[in-house]
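Chemist: Just passing along the structure, written as C-alpha cells.
Read the figures in this text as sums done on the coordinates, not as results from a lab. Remember, it's a predicted structure, so these values are computed and weren't measured experimentally. Positions of Cβ are generated from backbone atoms using ideal geometry, with glycine treated the same way; all protein chains shown enter the neighbour counts.
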Amino acid sequence: MKKKIIKLNKTILAGAVTMLLSSGSVQAADINPHQLYQQNCASCHGADHGGYLAPALNAETLKGRSPTAMRSIIMTGSFETLMPPFYGRLSDDEIRTLVKHIQSTPKLPNPAWTIDDMKASLKVYVKNEDSLPSAPTYQINNIDDLIGVAARGKYGRGAGSKAVFINSKNHQKVGEVETGTAAHIIDFNPANPRWAYVKTDTAEIFKVDLYSMKAVRSIKTGFNGPGLGVSRDGKYIMAGSFVPHNAVILDADTLEPLKTFELEGVDPDGNQVTSDSGMIIGTPYADIFAIALENAGQVWVVDLKEGFPVTKIKNVGRHLHDAFLTHKGRKLMVASYDDSIVAAIDLEKRELIKKLPAGCVPHVGGGSAVKVNGRTLGFGTNFGTCDKTVVSVWDLDTMEVVKQVPVSGGTESPAAHANAPYVAVDIITKDRRARTIQLIDKNSLEVVKTLDVGGHAYFPEYSADGKYLYVSAGYSGDEVVVYDSNTLKKVASVSMESPAGIFSRGRVKYMTRGLSPDEME
C-alpha cells in the first residue's frame, strides 16, 4: 500500500532544522523532546526515527529494551561506532528525557520538503563570484592532487564538522570548509576544476570554491540522505534523500532547484512503495543521471534535457544502495543488499544485463576495477559475514564471478589505482580487526598484507598519481594516515576530528577507481 505523505507543522520543522545546525549544548527546560532528538540523534539515526547511518530508534525497534541500559549507552557511547559519549554534553535529565522519547515515538510519516522549501533554504555567502581568485591561493601544481576528507566532528556537528582538503604531494592541509553538521560526500565538477560540492548527513549541499577554499552557496535538499552526483558537463547536480523520499536536480552554478522527483514504484515483490534514494551518479558516457530507488528495487535513468524525462529499469534487486561505473561509463554495477547480488545495468540500452553473486550483504562503496592480463576485474566488498567473509571479484567484460577472496572480516569500501599494485579494503567487523586495512594483490587475488592503522580504519583512497594510500583512522584515532602505495610504509599523518570518507579530485578523470584515464575516455 502506498505510504501517505504528510507535511510537518512548519514551526516544528523550522525549530528542528535550527537545532540540527546548532553546535552547543541545550537545557532540557528550553526545548522539547523532539528537538532534543533532532539535535543529538537525527543525523545518524534518521530524522523520522527510521534509521540512517545508525539503527532506527523508535517505539517498535526499542520494544522491550531496558531504559537503564539505553541511558548507559547514551552516556558512554558505543564502542567502535560513530556514537560518542554524551556524558558531559547532555545533563542526566536530558538523557532520561531522550530515552523516554525514543522508546515512545513511532517511526514518523514521511515529511515533505518541497522545492519551495529548498529555495527558501538557499544561502549565498559570496555574492560576486567574479571577485574570487583566478588560481589557487595555496601552493599546488595540479588541482587533481587535492584529497578531500569528510570530517564528521565528535558529535556529528559543530566546529569539527567540515570538509578538509589536502595536497597529496606533500600531505599538507590547504583548506577547511565548515559545514555545521557532519560532511558525508564530496564530489567535484568534472568540467571546471575550481568547484566542489559537499553534502552533509542532514542534506545540506555546499558549493565550494577550491581556489579560495570558501563555501560560496548552500542549500538544504531534505532532512538526511547521502545521494549526490554531478553531470559530465558540470551543469547539473542531482541529490537524493532518505527523508523525505524524493530527489532533486539543481543548477550546479546557482544551486537553484529545477525539478523534484517523488521516489516511488512497484518493488520486486509487487508492492507499491515509496523509497529512499540510493546512489546517484553522473557518467562520462552521456548527459544522464542514474539513481537507485532502494526500497522499490528500480534504477531510474534521467535524461538531462527539457523536462528531465525518466526511464525506469525495474526488478533490479531488493534494497539497492551503492554502485560504480565501468566500460567508459556505459555499465553500472549496483549492490542489492537483501539478494546478495550486484546487478549489472547497461546504461546505453537501459536494461538489466545480469545479476551476479556478490557474497553476503554486498557493498561496493565507490567501486574499484583494475585491468589484469587483458581482463577488467571489478571488486565488491560485503557488510555481512554469513559463513565466511569475502571480497567478490568479477570479470566485468564477461560478467562472471572470478573469485571470492577470503578476508578477515566484513568490508565496506574498496580502493584501487592503475599505478598501485594492491586493491585495499577496510575491515569493519567491530573488534580490533576494525583497526586494519587488508591489501589484495591485483595479480594473485590474494591478501598479501594487513595494515594496523589504528582507530577505526576505513574509506581508503589512492592519491591521483597512485603513489599514496590515504586511510581514515576515525572514532578513536582522529587522523588520516598516509602510506606509500608500493612499500606500504607510513609516510604521514593528518589530524582532524572523526575523519570519514576520502575523495580524490583525480576521480573525475577516471570515474572508476583503479582504471587509468585513457581507459575511461
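Chemist: Net charge around Ala215, counting only other residues with Cβ within less than 15 Å of its Cβ (Lys, Arg = +1; Asp, Glu = -1)?
Modeler: +2
Chemist: Further, regarding this structure: With the cut-off at 30 Å, tell me which of the pairs Lys403/Lys430; Lys354/Lys430; Lys328/Lys355 have Cα atoms farther apart than that.
Modeler: Lys354/Lys430
Chemist: Assuming a ≥ b ≥ c are the square roots of the Cα gyration tensor eigenvalues, decide whether the chain counts as rounded (a/c under 1.5), prolate (otherwise, with a/b larger than b/c) or oblate.
Modeler: Because its axes are fairly even, with a/c under 1.5, the chain counts as rounded.
Chemist: Give the cysteines in the chain for which no other Cys Cβ lies under 4.7 Å away, or write none if there are none.
Modeler: Cys41, Cys44
Chemist: If one computes the Cα centroid of the stretch 333-412 and of the stretch 420-468, what distance in Å separates the two points?
Modeler: 17 Å
Chemist: Is the C-alpha gyration tensor of the stretch 358-521 telling us rounded, prolate or oblate? Criteria: a/c under 1.5 is rounded; beyond that, a/b larger than b/c is prolate, otherwise oblate.
Modeler: oblate
Chemist: Next question, about the same structure. Any idea which of Ala56, Ser516, Ser91 is furthest toward the positive side of the dipole for the chain, if Lys and Arg beta-carbons carry +1 and Asp and Glu beta-carbons -1?
Modeler: The listed residue farthest towards the positive side: Ser91.
Chemist: Counting helices only, and only those DSSP H runs with n ≥ 4, report the 222 nm mean residue ellipticity of the chain as the sum of -39,500 (n - 2.57) divided by its residues, in deg cm²/dmol to the nearest 500.
Modeler: Value at 222 nm, helices only, nearest 500: -3000 deg cm²/dmol.
Chemist: Using +1 at the C-beta of Lys and Arg and -1 at the C-beta of Asp and Glu, which of Met399, Ala434, Pro362 has the Cα lying farthest in the positive direction of the dipole of the stretch 358-521?
Modeler: Ala434
Chemist: How big is the charge dipole of the chain about its Cα centre, in debye rounded to the nearest 20, if each Lys and Arg gets +1 on its Cβ and each Asp and Glu gets -1 on its Cβ?
Modeler: 440 debye
Chemist: Near the amide H of Leu228, under 5 Å away, which other amide H atoms are found, from residues 5 or more places off or on another chain, if H is placed in the peptide plane?
Modeler: Gly240, Ile280
Chemist: Using alpha carbons only, how many angstrom separate the centre of the stretch 164-225 from the centre of the stretch 281-297?
Modeler: Centre-to-centre (Cα) distance: 22 Å.
Chemist: A follow-up question, please. Which aspartates and glutamates have a Cα lying under 17 Å from the Cα of Lys123, excluding residues fewer than 8 positions away in the same chain?
Modeler: The reachable aspartates and glutamates, counting only those whose Cα sits under 17 Å from Lys123, are Glu178, Glu204, Asp209, Asp251, Asp253, Glu256.
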